[in-house]
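I have a structure here, written as structure tokens, and I will follow up with some questions on it.
Please treat every number below as a calculation from the coordinates, not as lab data. Being a predicted model, the structure only gives us computed values, none of them experimental. We place every Cβ from the backbone using ideal geometry, glycine too, and count neighbours over all the protein chains shown.
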Amino acid sequence: MRPTVEDRGRLLMTLLLHCLVAMQVFGRAGAFTLLSPFSYTSLTFKNLLNSVLLSSNANLAGGGRNLKSDVLEDASLITPKLIRKYGYPSETHTVVTKDGYILEMHRIPKKGAQPVLLMHGILDTSATWVLMGPKSGLGYMLSDLGYDVWMGNSRGNRYSKNHTSLNSDYQEFWDFTFHEMGKYDLPANIDYILSKTGYEQVHYIGHSQGTAIFWVLCSEQPAYTQKITSMHALAPIAYIHDMKSPLFRTLVLFLDFLTVSFHFTFCIFHFQSVFSTFSFPSQAATRMLRITEFMPNTKFLVDHSQVVCHDNAMTQDVCSNILFLVAGYNSEQLNKTMLPVMLSHTPSGASIKQLEHFGQLMKSGHFRKFDRGYLRNQLEYNRMTPPDYDLSRVKVPVALYYSVNDLLVSTTGVDRLARELPNVIDKYLVPMERFNHLDFLWAIDVKPLVYNRLVRNVRRMENHRTKLTANLASYLAMQLQHQHLRQQMMQQQMRDGRLPPNVHLPHGLGMELVSMSTLPPATPPPTTMPATTTGEPRDDDDEEVLTTTSSSSYSSPATEVPTET
């Protein structure tokens with residue numbers, strides 16, 4: 001049987017991946033940031049590949065001379081400037097977490113509007129919600145619909161690499177997983193948004209890791225469920241034991257290889273370190289090699305993605321196949337012209353420990369805390385194995401959006417997640433067989449396939465909340481009316497002499513002495529809403545999502561809003 005283009009692409013990328021792994025082991029290629037044992041300077045594979053790529057692609061792609069100016073510019077702009085370029089107002093806010101990390105949030109402000117918090121996945125940034133432009137970017141779409149859009153950046157990416165006391169060149173800075181993001185980053189972001197806007201609740205939209213940290217937040221600090229109107233999970237991550245992504249599985253195997261190899265080295269040459277190796281096995285190898293950051297965003301990466309991935313480059317298929325190996329093959333929904341923009345903003349850095357944690361979830365089949373080794377687990381968790389996150393605490397109304405061709409999130413994993421979440425209002429399987437993990441962000445038809453339904457669910461929850469508030473107000477008014485009538489009847493009975501005048505009745509009480517058969521008790525309003533698992537979301541006041549507010553107010557670029565700290 002003749003191999004297809006897809007098969008050849010996957011074979012090419014598999015060979016490329018093995019070459020990168022070999023260079024990482026023997027030549028210290030820069031898929032990782034390595035810290036030298038004698039100095040804390042970052043080493044990359046720039047010296048290894050720079051001359052090769054520049055010389056070869058100058059011939060193959062004409063040196064990038066035919067690149068569209070917008071694509072080149074968008075690939076180089078940071079998120080706030082990218083937003084302002086397309087005529088939308090932009091603000092930059094900094095938030096400090098309880099453990100000292102300084103996070104940057106980007107905002108498309110809408111004064112007095114309902115706030116929405118968007119949170120990206122691993123190796124990504126706030127740019128992912130806007131880099132595809134006003135016609136496809138979810139950030140722009142929500143702004144046009146009248147929402148106050150906030151886009152977070154998790155610790156460790158290019159926008160959140162600062163700390164009150166630690167430098168990102170040191171290992172201690174990178175000692176975190178997605179657990180700390182859910183425990184510290186999200187609460188800080190949510191509290192900051194509510195304090196700035198005066199609202200009591202926000203809508204939350206997460207993609208991939210952005211969903212996992214939300215489950216962590218609700219499990220660890222369930223009080224925060226009262227601050228969320230609704231949660232919308234794009235490609236939700238929790239149970240990933242049957243993950244199919246060859247790239248991610250290879251990375252996990254590579255980390256396991258490092259762990260086994262250097263455990264052996266520790267045991268032979270550093271017998272005194274056996275305890276530390278046994279206590280936290282997943283970190284021993286990386287600490288010895290001083291591997292801390294995975295795939296940081298560098299100028300080298302940005303420059304070369306523009307040369308290698310543009311429309312005229314013979315190597316463009318390599319760029320697209322990198323994405324397909326991670327997320328799933330779907331060439332029909334990939335806008336290849338935008339590849340330089342996608343790969344200039346992503347990857348944008350993550351902690352090696354994040355990858356280790358996801359690798360543990362993949363191997364264990366559990367959604368649980370970081371496995372530190374038997375001894376450290378006993379000290380940290382008072383048990384030999386890490387505890388599972390309690391998903392029953394996620395009381396927030398949750399909508400799940402998933403697909404069949406997602407190599408990182410399986411349908412069986414989403415099914416299990418939906419069974420354990422107590423308040424799933426929508427479980428939506430995208431009706432496209434090849435829709436993949438990154439298509440939730442960058443697909444050509446993501447708006448009609450996913451975002452329109454998402455916005456209908458957001459409005460549905462707002463309508464439900466409005467009706468619930470109105471019902472509650474009506475209920476309280478009826479209760480007050482009943483109380484007033486009771487007091488009038490009691491006073492009448494006292495005047496008629498049927499109630500001893502020396503009997504003191506507390507305010508609103510005394511019903512046991514008065515016949516109230518003529519006053520039926522008020523019925524409390526319902527507090528839950530029916531779930532939707534198939535078809536369109538049920539909404540008595542369904543509206544057409546594509547009807548947006550006029551964008552004429554954004555016809556000219558807005559002046560930069562001063563950074564708020």
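Starting at the first residue of the stretch 351-362, write each ³J(HN,Hα) from the Karplus equation 6.51 cos²θ - 1.76 cosθ + 1.60 with θ = phi - 60°, in whole Hz, x for Gly and Pro.
Values per residue, Gly and Pro as x: 7, 4, 5, 4, 4, 4, 5, 5, x, 5, 5, 5 Hz.
Less than 21 Å apart at the alpha-carbon level, and either on another chain or at least 8 residues along: which lysines does that give for K81?
K68, K110, K111, K135, K161, K299
Another question, then. Below 14 angstrom from the Cβ of L234, what's the summed charge of the other residues (Lys, Arg +1; Asp, Glu -1)?
Spelling it out: positives minus negatives among the neighbours equals -1.
Kindly rank 174-187, 76-89 from highest to lowest mean number of other beta carbons found within 10 Å of each residue.
Working: 174-187: 23.1, 76-89: 20.0.
Packing proxy ranking, top to bottom: 174-187, 76-89.
Considering only the other residues whose Cβ falls under 10 Å of the Cβ of A327, what net charge follows from Lys and Arg at +1 and Asp and Glu at -1? Walk me through the numbers before you get to the answer.
Working: positive: none; negative: D406, D439.
Charge balance near A327 sits at -2.
Stretched out fully, how many nm does the piece from E332 to S195 gain, at 0.36 nm a residue minus the Cα gap?
Roughly 45.0 nm would be gained on extension.
Highest first, please rank the peptides 355-365, 99-109 by the mean number of other Cβ atoms sitting within 10 Å of their residues. Present the calculation step by step, with values, prior to reporting the outcome.
On the way: 355-365: 19.3, 99-109: 21.7.
The densest-packed peptide leads the list: 99-109, 355-365.
Provide the net charge surrounding D439, with neighbours chosen by a C-beta distance below 15 Å and charges set as Lys +1, Arg +1, Asp -1, Glu -1. Please report the intermediate quantities before stating the final value.
On the way: positive: K336, R434, K447, R453; negative: D124, E332, D406, E433, D445.
Net charge in that neighbourhood comes out at -1.
Right, another one. For a label point 7 angstrom out from the Cα of T385 toward its Cβ, which stretches of the stretch 343-364 have the backbone nitrogen within less than 20 Å?
Under cut-off, by backbone N: 356-364.
What's the magnitude of the charge dipole for the stretch 106-178 around its Cα centre, counting Lys and Arg as +1 and Asp and Glu as -1 at the beta-carbon? Answer in Debye, nearest 20. Numbers along the way, then the final one.
Numbers: 7 positive and 6 negative charges, 66 e Å.
The calculation lands at about 320 debye.
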